[in-house]
Amino acid sequence: MPEKMLLKEMEKDQSNLIRALQSVQENEGFVSDERLKDISNYFSIPPVEVEGVISFYAQFKRTKPGKYIISVCDGTACHIKGANLISNWISDELGIKDGETDSEDLFTLETVACLGCCSLAPVIAINGKVYGNLERKSLLKILRKFKKEA
Amino acid sequence: MIKRIKIGTGSCGVAAGADEVFDFFSENIKDIELVEVGCIGHCYAEPIIEVETDKGSIFYEKVEPKKEFLEKILNLENSSRLQVGGNRTKKEFLKVTELAGKIDPVSYDEYKSNSGYNGLAKALLMKPEEVVEQVKISGLRGRGGGGFPTGLKWSFLAAQKDEEKVLICNADEGDPGAFMDRSMMESVPHQVMEGMLIAAHATGASSIFIYVRAEYPLAIKNLKIAIEDIIKYKINHINGRKIFIKIKEGAGAFVCGEETAMINSLEGKRGTPRFRPPFPTDKGYKGHPTLINNVETFANIPIILREGGTKYAKLGTKNSKGTKLFALAGDLKYSGLVEVPMGITIGEIVYEIGGAVKGEVKAVQIGGPSGGCIPAEHFDTPVDYDSLTSLGAIMGSGGLIVIGNNRCMVETARYFLDFTARESCGKCTFCRIGTTRMLETLERITAGDGCEEDITFLQDLGDKIKKGSLCGLGQTAPNPVISTIRYYKDEYLRHVNEKQCNALECNALVDVFIDKENCIECGLCIKNCPIDAISDDFIVDNSKCTRCNSCIEVCPKNTISRIPGGGISE
Ligand SMILES: Cc1cc2nc3c(=O)[nH]c(=O)nc-3n(C[C@H](O)[C@H](O)[C@H](O)COP(=O)(O)O)c2cc1C
Ligand code: FES
């Protein structure tokens, strides 16, 4: 298991805890109960404390996300340019609401605060790739392309 | 003759399709060097290509991965050349961003051959206290929002006797609507690193951490490559000491931009702020004296060292020296990253650089969730720390969002409170519960259920939250509300008394209407309505309609619109 190796490479210092959680999430998409326990053992930090750190940071997921994670930017620029409309249109198209994953584990919809591409607002990111200057038409085209590929 | 071709593949470029352009060009061009560069700041025109010729550079905008475009560029044709809008070239003053988008970000050699690391070389010939003195003379103030004098902060750390002193670069860029720091790290990572290494010499620091928000993968990648070169060429060997350098990725918490919260986060804990004193420069990361500066602050340092503090201080106003980067976005024509001299007016930025139309702009929002709105009537205000504060806004880190006449200010205030209420770490009761109460009140108002007392309540509670919070998050959270009430009380009053939203933005106060006179009955609206709220004879059932705007977007005749109305009953 690659993430075990990564863990092993890390110094057992709490300052590496967040990095460890990030690398687990990079590999598996989320932090499962099992991995939480592994990490807790490795750093000798009680599981509740690890859970406390996980819940503090928006990045960490405790449930398995879909194949494609759609992050709708709701930073100031995107909000002004209609981020909530974008979010609604995605919900209507895919049948999932903010924070949800569809029944086929294909799409997860989440809201994030600013992807740093504000000059192209409104933007979304799908698995990290950013799409800018969205309108309803271009958005639906992108979503349908992903649906088809899946 | 074409010397080489540069493609801007910063995050903004990529979002506009620069990757596809790069792939297409590299497949089809064989004998000309093709380089990826960062962002020149003209994000409205992405993807951008710069053709370096023996007679200077030619820029092309909105480039597409197509044969015609390729030929156009190779023949240096006139069409599709970048049209720099308004008076931008005259008004901008490129100092910190001079190299951004012009050099290969990750090429140590290219940075070096453009005076890179000259500032560090000069600093190393000076005593640490002389370097601190130069920064003091320059008048540089922190660009992360607070505006604390950088030289003074450095002198605090320099005075500490601890063996281990820590430098942290605050690259968390939490303001949702700002991207100056991202752009700098992506485009000129070496410049940011040079600033930090100069700081390490000046303060005697032994470790450097760069705390980058996780949403910035390209910034992290470019910084990593720069650091590898720094280690390879031993640039981190300073006066016989080897400086430890490490990148730490944030994990998505706005409050971690605050200094003491960031230190907790670096230690692997929940990122809640600590009591001050002790200040970080006395006792910070793992108990060691720690100094935190913002990315843009560090990026200014090499320039100060290169040209000397006195010359640097010539630009700007009495209390605000140098230039400031702004991330321009919102309702304007030319959005992007701009660098302007301190003292320029907001109006010059918005109209002359941003190309916004006079009369169509209501306000700018500056300083993000900690800042406020400045109405168009006050656009003659100069950009400097003190003038902006006197208007109830702040300089902030550089997010500048232009708000058009068609936006609701109450909704804007609600948006920011929704953000701060969610991001409050929960440690202080006033911040945790206070922001939630403010948010609920604002939601009531935008839903048409507010009353006049709500407005006084917001002001009163806002005051208490400011007083009762430990860190800057709570202390500034009410600002967007207070400032919109200050300048746009009439909008609040219309929401609570007449149940109307001037901007027709608040869903609960509008209906959707099809103008049957001009309707051609094409049926697109009916087909695209996700909840079948439009009847066969083209009448919107407003009790069903979710105000999703799908019909408005697809109507080829623009006959569908939002009108003042009864709104959604929730
Ligand atoms: C809630 C909160 C969020 C902050 N976010 C940032 C940030 O994202 N980037 C930043 O540079 N400073 C941020 N700051 C300001 C920092 O605490 C600190 O003042 C700054 O990094 C100091 O660097 P400077 O003196 O170079 O500006 C934030 C402050 C608060 C209270
Ligand atoms: S506000 Fe959406 S990318 Fe910044």
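The figures follow:
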read-out	value
From B:Pro278, B:Pro273, residue being within 16 Å of ligand 1 (Cβ to nearest atom), under 19 Å from B:Ala421 (Cα atoms) and of a type outside the set (D, E, K, R)	B:Pro273
Unique residue being crowded, with 16+ Cβ neighbours inside 10 Å and more than 19 Å from B:Arg270 (Cβ to Cβ) when the list is A:Glu9, A:Glu28	A:Glu28
Conditions (1) within 16 Å of ligand 1 (Cβ to nearest atom); (2) hydrophobic (A, V, I, L, M, F, W, C); (3) assigned to a helix (DSSP H, G or I); (4) more than 14 Å from chain A (Cβ to nearest Cβ): number failed by B:Leu439	(1)
Count of the stretch B:186-203 residues which are out of contact with any Phe, Trp or Tyr (no Cβ under 7 Å at 6 or more places or on another chain) and closer than 24 Å to B:Asn264 by Cβ	1
Flag for B:Tyr492 being touching a helix residue (DSSP H, G or I) at 6+ places or on another chain (Cβ under 7 Å) and among the aromatic types (Phe, Trp, Tyr)	yes
Restricting the stretch B:113-128 to residues that are free of Cβ contacts under 8 Å to residues at least 40 places away in the same chain and assigned to a helix (DSSP H, G or I), the residue that is surrounded by the fewest Cβ atoms within 10 Å (Cβ to Cβ)	B:Ser113
Where a residue in the stretch B:179-194 is farther than 20 Å from A:Ala77 by Cβ and its partner, wherever it lies, is aromatic (Phe, Trp, Tyr) and within 12 Å of ligand 1 (Cβ to nearest atom), with Cβ under 8 Å and at least six apart	B:Val192/B:Phe298
Breaking point among (1) more than 13 Å from every other protein chain (Cβ to nearest Cβ); (2) touching a Leu at 6+ places or on another chain (Cβ under 7 Å); (3) crowded, with 22+ Cβ neighbours inside 10 Å, for B:Ile238	(3)
Matching entry among A:Asp92, A:Asp98 (being facing chain B (nearest Cβ under 10 Å) and surrounded by fewer than 20 Cβ atoms within 10 Å (Cβ to Cβ))	A:Asp92
Qualifying residue in the stretch B:255-266 (condition: assigned to a loop (DSSP other than H, G, I, E, B) and in contact (Cβ under 8 Å) with a residue 60 or more places away in the chain)	yes
Single condition B:Asp229 does not satisfy, out of (1) away from ligand 1 (no atom under 16 Å from the Cβ); (2) closer than 22 Å to B:Phe326 by Cα; (3) among the acidic types (Asp, Glu)	(2)
Strands (runs of 3 or more DSSP E) enclosed by the stretch B:28-75 - at least 1 residues per element that are charged (D, E, K, R)	B:33-37, B:49-53
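Read the figures in this text as sums done on the coordinates, not as results from a lab. Note that this is a predicted model, so its numbers are computed, not measured. All Cβ positions, glycine included, derive from the backbone under ideal geometry; neighbour counts span all protein chains shown.
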